[in-house]
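Engineer: Here it is: the structure, laid out below.
Coordinate-derived values only; no laboratory data. As the structure is a prediction and not an experimental result, all values here were calculated from the model. Note that each Cβ is placed from the backbone with ideal geometry, even for glycine, and that neighbours are counted across all protein chains shown.
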């Protein structure tokens, strides 16, 4: 097979990393892999395993980028893909234009709904595909409800966790020493971690309230995650809230971290307390793969993930009383020893490649 993936760029991100990982599996399985994007630091990783990269300035959502459909059509004519896999809404529109009046053999189009996209016209481009991948049951239901698609053309393939990066191996002693030197207030504490970007809907206030109301003051709230420049005021408001509740010795903001796997491993529980449904519980899966208990609201893809790992960690949405009462219960539960196969990177790649083969068989 000849597969072309289409996405805005190849910078840091789950979609970008997943595209490179899938490309690696395609080449290892003796298929021809190509990616079209505006480039980024993951481009070298892509080329290192033998895939082709076509640089196209489609990361910016404007009319000039939309006119790239002519160049995109030329790439299709040159590469002659069997399948074009679109992973983002704006590139999907450019693809739609490129394939109008396409004179060569038309490739099949597969799209992946990575999120709970809004319903307006702009998002419809992801539904203009021969087959559609959804990354959770939550997204599957959302697509069926909001877009004109056939249920038979939807394929649920969960996002995959990299078990080489997230696993139950021991935390290096040197790392632990460096960590506790930097954050001595976390030593000998029961660490409750809420990872993610500093933004208003991530439920950070719920974690602060949880730490405040837990009777055992040996619990320590840890919040690893970046704060973009436009969120600095919000971060400061959170720190003021911590100070107001006299929790400065019990809650730590540690910023963006590249050692998140080790942070998961020293945590007693990793939470997702987002105030709106998320399409998939990525941090939940990663933490469980590291052998850490997980907990969160019973909604969206996060609820699906927790239910498959340790259902006792599911809490009715925004029921903070239940959350407070459940933490001591979950602490006594055994840690997860592994994650379901359907949440692994290898399984995701295998299922996607199998879908490619079946699509070609069905449509040709």
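Engineer: To the nearest 10 degrees, how steeply does helix 345-363 sit against the main Cα axis of the chain, on a 0 to 90 scale?
Structural biologist: 30 degrees
Engineer: Hey, another quick one. Once both axes come from the Cα atoms, what is the angle between helix 173-182 and the longest principal axis of the chain, in degrees from 0 to 90, rounded to 10?
Structural biologist: On a 0 to 90 degree scale, this one is about 70.
Engineer: Of the candidates 127, 118, 23, which one comes out as most mobile in a Gaussian network treatment of the chain with C-alpha springs shorter than 10 Å?
Structural biologist: Residue with maximal mean-square fluctuation among 127, 118, 23: 118.
Engineer: Can you show me the helix-derived [θ] at 222 nm for the chain, built from DSSP H runs with n ≥ 4 at -39,500 (n - 2.57) apiece and divided by the number of residues, rounded to the nearest 500. Please list the in-between numbers first.
Structural biologist: Numbers: 14 runs with 145 residues, N = 364.
It lands at -12000 deg cm²/dmol.
Engineer: Now a separate question. Name the most mobile residue of 64, 337, 52, meaning the one with the largest mean-square fluctuation, in a Gaussian network model of the chain with Cα contacts below 10 Å.
Structural biologist: Result: 64 has the largest fluctuation of those listed.
Engineer: Assuming a viscosity of 1.567 mPa s and a temperature of 4 °C, what translational diffusion coefficient in µm² per second does Stokes-Einstein assign to region 63-189, Rh being the Kirkwood radius over Cα pairs?
Structural biologist: Working: Rh = 17.8 Å.
For these conditions, the coefficient is 73 µm²/s.
Engineer: Let me ask something else. Run the simple label-point estimate for residue 249 and residue 168 please: 7 Å along Cα→C-beta, distance reported in nm.
Structural biologist: The modelled label-to-label distance comes out at 3.6 nm.
Engineer: Give me the base-10 log of I(q)/I(0) for the chain at each q in 0.08, 0.10, 0.13, 0.15 Å⁻¹, Debye formula, one uniform scatterer per Cα, rounded to two decimals.
Structural biologist: Those come out to -0.44, -0.68, -1.06, -1.29, one per q.
Engineer: Turning to a different aspect of this structure: Obtain the radius of gyration and the Kirkwood radius of region 173-340 from its C-alpha atoms and give Rg over Rh.
Structural biologist: Result: Rg/Rh = 0.93.
Engineer: Cut-off 10 angstrom, C-alpha nodes, Gaussian network model of the chain. Which of 174, 16, 44 fluctuates the most?
Structural biologist: Ranking 174, 16, 44 by mean-square fluctuation puts 174 first.
Engineer: Using the 10 angstrom Cβ neighbour count as an exposure proxy, how do 15, 139 rank, fewest first?
Structural biologist: 15, 139
Engineer: Given the C-alpha centroids of region 134-197 and region 23-73, what is the distance between them in whole angstrom?
Structural biologist: 26 Å
Engineer: With the radius of gyration and the Kirkwood radius both derived from the Cα set of region 229-300, what is their ratio Rg to Rh?
Structural biologist: 1.00
Engineer: Using only the alpha-carbon atoms, how far is helix 14-28 inclined from the longest principal axis of the chain? Give it as 0 to 90 degrees, nearest 10.
Structural biologist: Compared with the principal axis, the helix lies near 60 degrees.
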